[in-house]
Amino acid sequence: MSAAARVRPHAPSLARRMIIGLVAFQALILLLWTLAEPLRARPSLQDWLAAEQAGQLLAPSITRSAAGTMVFVPTPEMTAYMAQAPAFWFFATDGDMVIRGGAPKDLDTKSDRGPSSMLRGATTLLHTRAGPVGLLLGGQQGDLLDGIRAWLSHRLRRWLLAVALIALGTTALTVGLVHLLLRPVRLAARAAAALEPGRHAPALPETGVPAEILPLVTATNAAFDRLEQEHERQRRFIANAAHELRTPITILGIRLDELPEGPARQKLRQDVQRLTLLANQLLDLGRLQHAGPRHDRQVDLVALARDAVAEMGPLAIDHGSSLAFHTERPRWEIRGDEQALRGVFLNLLGNALAHGGKAVKVELRIGAEGSIEVADCGVGIPAEARGRVFEAFERAGGGAGSGLGLYIVREVLRAHGATIELRDGRPGAVFRIRF
């Protein structure tokens, strides 16, 4: 599974945090500005609220006629308000014409363009059915609580609309910026996901990474370098240990031949065989980790599998077991390391014969869809041990093996772009390979 797929499902999103923070901050500023509006009212708070209430009642009454001229058509609410406030008057203009209304009959406009400059009243910009108009009004009356309710309902609607627009704009801008600015970080993450132990890969790219995140990338590169150096020391140690073991194991085998036949000599010879197998597997593991398998030739998997079954035939006979080979493909060629792939088949067949029990039946099958299975009808592998069978030095099936065979099998197949999984054969075990 890749590193990207292992990201915690509930990991906090940087873009979401920025959006919530920015929208909340801007909404708070707008709300404070709106709530502070009455504090700036002149000459008094009650007059200002009464003017707000009158303006909201007046807005639906200003419209346009069929000829397109601005007219005053009072709504029932406006008519009722003017009856309660006999001193109320107003002038409204759209920039081209002026209309007037209100109870006083002696308003002196002195001009068709507007009211007298001696008139004093509240001014505001009103959004009406005729469009935005400038308003001058006076003589307004209203209850303080009614004015507050009218003002809040009007301003909060505008505030909510502004917050919605701000949220949309902030979301689009933030997502775009985060996607653009964090692109170097995503490239570094992909490079980190491609790193594997023992494989020399370029360090995480630092070009273009933001200065705030660059120390993390730099420290990660340094940590990878230290891990690679330690991994290289471990590879050298395993290879040297395996080489050093081969000489005393060979000498021990020669000296065993000098001993008289007997049960003790037979047991010692089995122990020497185990040591020889372990040394050879350690050498194979060292070569695999250091250079990996070669992909310099075409390998016919069908022929290779058939040869492996034939090679393991005598061992199966010695165990009183049977081997079978079935293929639905006459030929299957891939580019790879023939010797390493031969070891895969031999390891799987040998494990099945060694751990499947007495008189076990082992079958190697090649399917037409591109799969290879090594199945046995033996005792199988305990359910609690199936997740560990491919780990180094794990002997989940018991027996006298070194626990390296299946680990090497997995690493060779991984280097060839293939996967292997263990399934329950009911009875027995099935190892399934897919290239």
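The values are calculated or read from the model by the stated rules, or taken from the named source; none is laboratory data. None of these values were measured; they are calculated from a predicted model. So basically every Cβ, Gly included, is an ideal-geometry build from the backbone, and we count neighbours across all protein chains shown.
Quick notes on this one:
- Any hit, the range 422-429, residues being in contact with a Leu (Cβ under 7 Å, 6 or more places away or on another chain) and modelled with pLDDT of 85 or more: yes
- Per the conditions (1) surrounded by 11 or more Cβ atoms within 10 Å (Cβ to Cβ); (2) within 30 Å of Arg64 (Cβ to Cβ); (3) modelled with pLDDT under 80; (4) not β-branched (Val, Ile, Thr), the sole criterion not satisfied by Arg129 is (3).
- Scanning the range 220-258 for residues that are surrounded by 11 or more Cβ atoms within 10 Å (Cβ to Cβ) and either among the β-branched types (Val, Ile, Thr) or on the phi > 0 side of the Ramachandran plot (or both) yields Thr220, Ile238, Ile249, Thr250.
- Residues satisfying the stated conditions in the range 312-360, i.e. in contact with a Leu (Cβ under 8 Å, 6 or more places away or on another chain) and of a type in the set (Ser, Thr, Tyr): Ser321
- Members of the range 77-118 found to be modelled with pLDDT of 50 or more and of a type in the set (S, T, N, Q), listed by number: Thr79, Gln84, Thr93
- Search result, residues across the range 313-348 that are hydrophobic (A, V, I, L, M, F, W, C), more than 23 Å from Thr419 (Cα to Cα) and assigned to a helix (DSSP H, G or I): Leu315, Ala316, Ile317
- Members of the range 349-365 that are surrounded by fewer than 21 Cβ atoms within 10 Å (Cβ to Cβ) and either modelled with pLDDT under 75 or not in a helix (DSSP H, G or I) (or both): Gly357, Lys358, Ala359, Lys361, Glu363, Arg365
- Only one of Ile29, Ile19, Ile62 that is over 22 Å from Gln140 (Cα atoms), of a type in the set (Val, Ile, Thr), buried (at least 16 other Cβ atoms within 10 Å of the Cβ) and modelled with pLDDT of 65 or more: Ile19
- Condition met for Arg287 (charged (D, E, K, R), at pLDDT 80 or above and not in a strand (DSSP E or B)): no
- All of Ala201, Ala193, Ala241 fail the test of being modelled with pLDDT under 75, part of a loop (DSSP other than H, G, I, E, B) and of a type outside the set (D, E, K, R), apart from Ala201.
- Test set (1) touching a Lys or Arg at 6+ places or on another chain (Cβ under 8 Å); (2) at pLDDT below 80 - Asp300 fails condition number: (2)
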